[in-house]
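All of the numbers you see were taken from the coordinates with simple rules; none came from a lab. None of the values given here were measured: they were computed from a predicted structure. Neighbour counts run over all protein chains shown; Cβ positions are idealised from the backbone, glycine included.
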Amino acid sequence: MTRIDKKANGGNVAVSVRGLVKHYGETKALDGVDLDVREGTVMGVLGPNGAGKTTLVRILSTLLAPDAGQATVVGYDAVRQPRQLRRVIGLTGQYASVDEKLPGWENLYMIGRLLDLPRKEARARADELLERFSLTDAAKRPASTYSGGMRRRLDLAASMIGRPAVLFLDEPTTGLDPRTRNEVWDEVKRMVGDGVTVLLTTQYMEEAEQLASELTVVDRGKVIAGGEIEELKAKVGGRTLRVRPADALQLRPLAGYLDELGITGLASTTVDTETGTLLVPVLSDEQLTAIVGAITARGITLSSVSTELPSLDEVFLSLTGHRASAPQDTVPADAREEVTV
């Protein structure tokens with residue numbers, strides 16, 4: 001198998017995208033996207049509806065041709081070498097793509113044969129994956145009788161039949177209940193532990209934090225930010241200082257004192273009576289030092305002091321001006337099937 005030699009952040013690049021463009025009439029679903037995914041990691045592609053996430057996945061999985069730019073996966077060009085590329089990738093879309101009339105085992109066996117696995121190997125692989133995804137007891141039942149979570153696990157198993165080097169997960173937990181979502185997350189973590197590289201598109205902040213080692217934030221077809229999650233939080237700026245007075249009776253007087261000093265500007269201090277702490281917004285190290293100094297000068301004893309970075313949802317809101325789940329219908333209706341995310 002051909003491998004890319006290029007390095008990114010200390011690891012081989014499994015997926016490389018440069019200047020990717022895709023038009024639908026006057027709308028640019030992708031507008032010059034650059035992206036690198038390191039081997040053995042999870043890259044989370046985060047964005048609202050219409051951001052271009054699914055279009056990106058469809059191009060990388062050879063289902064759609066770009067209008068401009070280049071995309072390679074483990075060294076294979078997505079446009080010029082689609083057959084070779086399809087042998088080293090797996091894809092799970094937003095909805096289960098299994099044949100509902102066939103039993104679970106036959107679904108997996110059929111895909112194995114379509115991937116040119118010998119009959120014996122296809123049978124063994126189907127058995128192995130049904131056991132791994134806790135579907136052995138349902139192996140002979142038609143997929144139409146499966147619950148939503150079982151279908152999603154079968155879909156994930158199908159994407160793993162060919163032992164892919166790279167797995168594309170396009171909003172894999174859409175519509176799943178929290179328990180099933182956690183089960184899918186566990187399976188994805190196990191795949192990564194086995195060395196699979198994952199590109200995950202999602203609108204769920206919790207999902208991104210659970211699975212991704214790095215994030216690329218896209219909006220209206222453009223990459224607007226990227227990096228490790230903590231780096232993105234730090235770039236946005238703004239921290240919360242959480243202080244707990246040793247004497248809970250000092251909570252409200254201390255909050256009033258800090259607000260009177262005006263150290264935090266227009267932002268006000270929040271009293272969290274449940275935890276016995278004050279939440280003080282800070283924008284700089286100078287502010288942080290001034291606040292702690294003011295508390296010390298007041299002669300107030302603190303039992304704990306900590307700082308918290310913004311939540312990932314706050315980061316996204318700051319970067320885009322809207323939350324990840326907010327609909328952004330930038331895609332023409334006649335192209336919606338291919339690019340709706």
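For the reader, a short list of remarks on this structure follows.
- For LYS101, LYS233, LYS222, LYS22, order by how many other beta-carbon atoms lie within 10 Å, fewest first: LYS101, LYS222, LYS233, LYS22
- Order of ILE291, ILE59 under a 10 Å beta carbon neighbour criterion, fewest first: ILE291, ILE59
- Taking other C-beta atoms within 10 angstrom as a stand-in for reagent exposure, SER213, SER303 fall in the order SER303, SER213, fewest first.
- Phi angles of region 243-249 translate, via the Karplus equation with coefficients 6.51, -1.76, 1.60 and θ = phi - 60°, into HN-Hα couplings of 10, 10, x, 4, 9, 4, 5 Hz per residue; Gly and Pro are given as x.
- Dipole magnitude of the chain, debye to nearest 20 (Cβ charges: Lys/Arg +1, Asp/Glu -1, about Cα centre): 1160 debye
- Under the Karplus curve 6.51 cos²θ - 1.76 cosθ + 1.60, θ = phi - 60°, whole-Hz ³J(HN,Hα) for region 29-34, x wherever Gly or Pro sits: 5, 10, 10, x, 7, 10
- Long-range HN-HN contacts of VAL217 with modeled amide H, under 5 Å: LEU46, ILE224, ALA225, GLY226
- Computed as a quarter of the hull surface, the mean projected area of the alpha carbon convex hull for region 146-206 stands at 4.0 nm².
- Computed from the alpha carbon atoms alone, the convex hull of region 123-246 holds 173 Å³ per residue.
- Charge dipole (Cα centre; +1 on Lys/Arg Cβ, -1 on Asp/Glu Cβ; no other charges) of region 239-308 amounts to roughly 100 debye.
- Near the amide H of ASN12, within less than 5 Å, lie the amide hydrogens of GLU39, all on another chain or at least 5 residues away, with H placed in the peptide plane.
- Rg over Rh, two decimals, the chain (C-alpha only, Kirkwood Rh): 1.08
- Long-range amide H partners of ARG163 with built H, under 5 Å: none
- Fraction of antiparallel bridges per DSSP, the chain only, in percent to nearest 5: 70 percent
- Rg/Rg_ref, region 239-308, where Rg_ref = 2.2 N^0.38 Å and atoms are Cα: 0.96
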